[in-house]
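S.K.: Quick one: the structure is below, and I'll ask about it shortly.
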Amino acid sequence: MIKFDASTRKRLKGGAVRHLAPLGVLVSSILLANIIALTGFYRDDPALFVSNLATGLVRGPVPGFPNWLDPNIGYTTQALGHLCAQDWLHGVIPWWDPYQGVGAPLAAELQNGAFFLPFSLLLHFNAGWLMLRLLMQMMAGLFTYALLIQLRLSRLAALLGGVMFGCSSTFMILAHAPSNTLPFLPLLLLGIELGLASHRRFAPGWSVVIIAIAYSFYAGFPETGFLADLFGGLWFAVRVTGCERAASRAMIGRFAVAVGIGIILTLPGLVPFAQYVEGGFIGIHAHGAATASLPLVGLTAQILPLAYGPFGSELLIAQRATYPTFQMLDQSWLAAGGWIGLLPLTLGIAGLWSDDQTLRRLRWLLLIWVLIGEARIFGLQPLVAMIAVIPAIRMIVVERYAVPSIDFAIILLGAMAFDHWQRVGFTRRTMVLITVAISFITAIAMMIGTSAFIEMVKFIPVLTSSAVAYLALVVLACATLLYGLSQRATLARQGLVAGMLMLDAIGGFGLSQAAGMARGHLDLSGVAYLRRHQGLQRAFSLGPLAPNYGSYYRVAELDMTMLPMPRDWASYVHEKLDPFRSPIMFFGLNNTAIPGVKSTAQLLRENLPAYQTLGVRYILTPPYTDPLHTAQNPVFISKAMWIYRLDHAAPYYATTPGSACAITTPKRTSVRIQCAKPAALIRRELFYPGWHVRVNGHAVPVRQAAPLFQTIALPAGRSKIRFFYRPPFERRACVGAGLGLLLWLTLVLINAKRRVVR
């Protein structure tokens with residue numbers, strides 16, 4: 001045990017106390033940024049917006065998105081994440097989801113955060129998505145603060161950086177799984193800094209690196225996690241060049257061991273995910289992601305995010321089919337991974353003139369990362385072609401998922417600028433250069449967006465006044481910031497500048513929460529009817545009970561949206577059910593007006609035998625809708641949905657004709673059958689590698705029954721059958737992760753024994 005003398009204990013205690021006030025302000029700022037959502041005054045519950053079960057809805061006063069833009073916050077985080085949490089709490093590993101499509105891998109899809117433990121258990125609660133996001137914001141802010149303190153920046157500069165990153169726009173735009181990876185970027189860099197600062201063979205910092213690497217994958221979004229880890233690798237490469245030659249070799253070895261252990265610990269999730277990607281349908285990630293880019297008008301939205309009104313404004317989106325400029329702007333919104341903002345960018349540019357020699361290489365790294373990232377986002381050739389050659393990156397939608405790390409790099413530069421201003425200030429010549437640089441960038445952004453702004457003035461005048469007021473306010477704030485940086489950093493000016501920047505971050509994050517619902521509730525009476533009557537059969541929805549929400553309520557529905565998707569199921573959807581819709585978004589909502597495209601109801605009528613083959617017994621429709629055109633009365637009516645019953649739906653379990661089998665106590669994973677002679681059992685669950693079955697305690701091979709399902713051979717007599725799913729090679733992956741964990745603990749123990757008590 002390490003013992004400290006009285007003076008050392010007093011110094012350590014004083015060092016901890018001096019950070020309590022900044023950390024309190026940091027946590028309070030993030031809570032304040034979420035105050036509207038936390039109080040429930042305007043509710044941004046995704047289910048109210050995307051489940052199609054809500055009634056009596058009244059929107060808040062702000063148009064646009066309700067503090068999240070991507071509906072996957074509902075489809076994956078809320079719906080599938082809830083199922084994963086429920087499975088864990090019932091002692092079940094969430095390997096498989098029987099409630100979407102005809103069954104699909106669950107944990108291997110990753111975005112639901114099945115292995116993001118213990119954090120994902122929060123999704124068990126109704127507001128779990130909000131609790132999880134709030135926790136990730138706090139962790140991101142705290143880890144950023146700790147990193148900047150480790151870089152020897154002032155507490156106020158570290159606090160400013162922590163608040164800005166904790167209120168990053170990515171937590172809004174990509175509020176589902178991508179934002180879960182954000183805290184582990186500053187944690188990774190903090191681990192690197194702690195490791196490089198210690199001469200121990202395996203300092204605690206390298207353990208932090210292991211945790212950050214593993215959690216950046218388990219957080220649920222490998223694209224943002226991979227880019228963050230790549231950024232961390234470049235950070236280490238830059239920092240290790242400052243070490244002596246002998247020390248740098250040792251540090252490289254320790255870092256490599258830490259990264260290797262971190263990757264090994266991801267094997268239980270990485271192996272099924274890699275198999276799913278290899279054998280699944282991955283849409284644009286198979287080819288189009290390598291060259292996709294944003295239209296240039298997106299640069300305006302990055303720097304001046306509210307120049308065209310609130311992000312995702314319905315007033316502007318409604319005009320996208322008529323005016324091409326609005327279409328490009330809408331495209332940039334949908335594909336954006338966040339924004340930067342004029343004030344953080346101004347401070348970030350000032351950070352390039354910081355005089356700290358120990359951070360000079362880091363400033364160059366941050367600048368190069370930002371420039372390359374922005375060039376790739378907007379499709380600058382030949383950079384796009386060069387990046388498209390790299391196998392690990394060509395499958396990533398870089399223009400969307402590079403923004404979080406770019407934003408983080410600018411925030412770090414901004415914190416360095418604030419620290420420099422506190423210590424020595426900026427010269428008049430430097431301030432002229434900073435002002436010219438930010439003015440030039442702002443002018444370019446406004447010139448690019450001029451045509452869109454002119455069209456908005458002509459055709460959507462209601463947004464014009466708010467946009468003009470925003471531009472005037474942000475330009476005034478930028479001028480105030482530049483003036484403050486040009487003056488001596490008195491305590492009052494430090495408070496003014498830091499307060500203005502934090503207010504910009506807090507207000508920018510919290511504003512869209514007022515686009516939530518002022519009133520409304522979920523009508524779950526139809527869900528309750530299905531749970532009472534559906535049994536093992538499936539439903540297909542033409543609106544109510546949106547895709548994946550069947551998993552939330554444990555109601556089997558054919559509708560689903562996920563990525564990856566089982567390849568056989570994707571092919572069946574395209575060939576037999578709906579050739580006009582991407583299989584990764586297979587749901588019955590008829591949201592297209594393209595000439596020549598058949599409506600979902602028409603396709604349902606034409607392909608009704610295929611739906612019956614899949615075991616669909618119920619059709620869910622909006623009220624006063626009859627998609628079957630049979631004058632059949634619905635079996636259930638509510639304000640949210642009407643339910644029609646289909647005859648002749650194929651049963652979940654069936655035996656070969658003439659086998660004289662009696663099926664009793666059927667459940668999704670078990671059944672009892674008595675046959676007079678040998679027969680074959682068909683189970684209408686997707687055939688997929690990893691399914692196993694035991695008949696009377698003995699393993700029996702599972703084979704594929706056309707077109708999608710499972711079949712097994714049955715002996716004559718009574719059979720007790722149990723199905724279970726486990727991804728191939730999962731046991732080996734868990735053994736490998738266990739050995740990695742053992743190696744990690746061994747290194748930690750060896751390092752602890754080598755400590756010298758003085």
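The values are calculated or read from the model by the stated rules, or taken from the named source; none is laboratory data. Since we're looking at a predicted model, the values are computed, not measured. Glycine also receives a Cβ, built like all others from the backbone with ideal geometry; neighbour counts cover every protein chain displayed.
S.K.: Loosely packed, with under 14 Cβ neighbours inside 10 Å and within 21 Å of ASP568 (Cβ to Cβ): is that true of HIS692 in this structure?
M.R.: Spelling it out, HIS692 is indeed loosely packed, with under 14 Cβ neighbours inside 10 Å and within 21 Å of ASP568 (Cβ to Cβ).
S.K.: Additional query: When you scan region 274-291, how many residues do you find that are without any contact (Cβ under 8 Å) to a residue 40 or more places away in the chain and not hydrophobic (A, V, I, L, M, F, W, C)?
M.R.: Keep residues of region 274-291 that are without any contact (Cβ under 8 Å) to a residue 40 or more places away in the chain, which gives 274, 278, 287-288.
Among the residues that remain, those that are also not hydrophobic (A, V, I, L, M, F, W, C) are: 278, 287-288.
Total meeting the criteria: 3.
S.K.: I'm checking my understanding of the structure. Among residues of region 88-100 that are closer than 22 Å to PHE687 by Cα and in contact (Cβ under 8 Å) with a residue 24 or more places away in the chain, which one is surrounded by the most Cβ atoms within 10 Å (Cβ to Cβ)? Step through it out loud before you land on a result.
M.R.: Step one: list which residues in region 88-100 are closer than 22 Å to PHE687 by Cα, which gives 92-100.
Pick out the ones that are also in contact (Cβ under 8 Å) with a residue 24 or more places away in the chain and you get 95-100.
Numbers: TRP95: 18, TRP96: 26, ASP97: 26, PRO98: 22, TYR99: 24, GLN100: 28.
Out of the qualifying residues, it is GLN100.
S.K.: So, one more: Before we move on, is ALA631 in the same structural domain as TYR611 (by TED's automatic domain parsing) and either assigned to a loop (DSSP other than H, G, I, E, B) or closer than 22 Å to GLY535 by Cβ (or both)? It would help to see each step written out before you state the result.
M.R.: Working: in the same structural domain as TYR611 (by TED's automatic domain parsing): yes; either assigned to a loop (DSSP other than H, G, I, E, B) or closer than 22 Å to GLY535 by Cβ (or both): yes.
Yes; evaluated as a whole, the condition is true for this residue.
S.K.: ILE393 - would you say it is modelled with pLDDT under 85, closer than 24 Å to ALA228 by Cβ and surrounded by 18 or more Cβ atoms within 10 Å (Cβ to Cβ)? Working first, answer last.
M.R.: Details: modelled with pLDDT under 85: yes; closer than 24 Å to ALA228 by Cβ: yes; surrounded by 18 or more Cβ atoms within 10 Å (Cβ to Cβ): yes.
Answer is yes for this residue.
S.K.: Follow-up question, since we're still on this one. May I ask you to list the residues in region 460-474 that are at pLDDT below 85, out of contact with any Ser or Thr (no Cβ under 8 Å at 6 or more places or on another chain), part of a helix (DSSP H, G or I) and surrounded by 15 or more Cβ atoms within 10 Å (Cβ to Cβ)?
M.R.: At the first step, the residues of region 460-474 found to be at pLDDT below 85 are 460-468.
From what's left, out of contact with any Ser or Thr (no Cβ under 8 Å at 6 or more places or on another chain): 460-462, 464-468.
From what's left, part of a helix (DSSP H, G or I): 461-462, 464-468.
Once the filter is applied, which keeps residues that are at pLDDT below 85, out of contact with any Ser or Thr (no Cβ under 8 Å at 6 or more places or on another chain), part of a helix (DSSP H, G or I) and surrounded by 15 or more Cβ atoms within 10 Å (Cβ to Cβ), region 460-474 yields THR464, SER466, ALA467.
S.K.: Looking at SER293 and the list (1) surrounded by fewer than 21 Cβ atoms within 10 Å (Cβ to Cβ); (2) assigned to a helix (DSSP H, G or I), which single condition is not satisfied?
M.R.: Only one criterion is unmet by SER293, namely (2).
S.K.: Right, here's the next one. What pairs come up if the first residue lies in region 621-640 and is touching a residue at least 60 places away in the same chain (Cβ under 8 Å), the second is surrounded by fewer than 17 Cβ atoms within 10 Å (Cβ to Cβ) and small (Gly, Ala, Ser), and their beta carbons are under 7 Å apart, counting only those six or more places apart or on different chains?
M.R.: Listed by first residue and then by second, the contacts come to SER638/SER525.
S.K.: Quick one: GLY141 ticks every box in (1) part of a loop (DSSP other than H, G, I, E, B); (2) within 30 Å of GLN357 (Cβ to Cβ) except a single one, so which number is it?
M.R.: (1)
S.K.: When GLN602 is evaluated against the numbered criteria (1) in contact with a Lys or Arg (Cβ under 8 Å, 6 or more places away or on another chain); (2) assigned to a helix (DSSP H, G or I), which criterion, by number, is the only one it fails?
M.R.: (1)
S.K.: What number of residues in region 547-589 are of a type in the set (Phe, Trp, Tyr) and farther than 20 Å from ILE73 by Cα?
M.R.: Pass one, region 547-589, residues of a type in the set (Phe, Trp, Tyr): 549, 552-553, 569, 572, 580, 586-587.
If we keep only those that are farther than 20 Å from ILE73 by Cα as well, we get 569, 572, 580.
Looking only at that region, the number is 3.
S.K.: Kindly check whether there is at least one residue in region 599-622 that is at pLDDT 90 or above and touching a Ser or Thr at 6+ places or on another chain (Cβ under 7 Å).
M.R.: So far as region 599-622 goes, yes, one or more of its residues are at pLDDT 90 or above and touching a Ser or Thr at 6+ places or on another chain (Cβ under 7 Å).
S.K.: Can you spot a residue in region 92-103 that is among the small types (Gly, Ala, Ser), in contact with a strand residue (DSSP E or B) (Cβ under 8 Å, 6 or more places away or on another chain) and at pLDDT 95 or above? Even if it seems obvious, please write down each step before you answer.
M.R.: So the first thing to find is which residues in region 92-103 are among the small types (Gly, Ala, Ser), and the list is 101, 103.
Narrowing the set further to residues that are in contact with a strand residue (DSSP E or B) (Cβ under 8 Å, 6 or more places away or on another chain) leaves 101, 103.
When the remaining residues are screened for being at pLDDT 95 or above, the result is 103.
The answer is yes, given that some residue of region 92-103 is among the small types (Gly, Ala, Ser), in contact with a strand residue (DSSP E or B) (Cβ under 8 Å, 6 or more places away or on another chain) and at pLDDT 95 or above.
S.K.: So, in region 517-538, how many residues would count as being touching a Gly at 6+ places or on another chain (Cβ under 7 Å) and surrounded by 24 or more Cβ atoms within 10 Å (Cβ to Cβ)?
M.R.: Result for region 517-538: 1.
Yes/no matrix, rows are residues, columns are (1) under 21 Å from LEU83 (Cα atoms); (2) among the charged types (D, E, K, R):
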position	(1), (2)
ARG532	yes, yes
LEU536	yes, no
TYR552	yes, no
MET560	yes, no
PRO564	yes, no
HIS574	no, no
ASP578	no, yes
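S.K.: Of the conditions (1) more than 21 Å from VAL555 (Cα to Cα); (2) within 20 Å of the chain's Cα centre (by Cα); (3) not in a helix (DSSP H, G or I), LEU153 satisfies every one except a single condition; which number is it?
M.R.: (2)
S.K.: If you don't mind, there's one more thing I want to ask. Can you name the residue in region 650-663 that is of a type in the set (Ser, Thr, Tyr) and not in a loop (DSSP other than H, G, I, E, B) and, of all such residues, is nearest to the chain's Cα centre (by Cα)?
M.R.: TYR653
S.K.: Look at GLY508 and say whether it is free of Cβ contacts under 8 Å to residues at least 24 places away in the same chain and part of a helix (DSSP H, G or I).
M.R.: no
S.K.: Can you tell me which of (1) in contact with a Pro (Cβ under 6 Å, 6 or more places away or on another chain); (2) on the phi < 0 side of the Ramachandran plot; (3) surrounded by 14 or more Cβ atoms within 10 Å (Cβ to Cβ); (4) not aliphatic (A, V, I, L, M) is the one CYS734 doesn't meet?
M.R.: Of (1) in contact with a Pro (Cβ under 6 Å, 6 or more places away or on another chain); (2) on the phi < 0 side of the Ramachandran plot; (3) surrounded by 14 or more Cβ atoms within 10 Å (Cβ to Cβ); (4) not aliphatic (A, V, I, L, M), only one is false for CYS734: (3).
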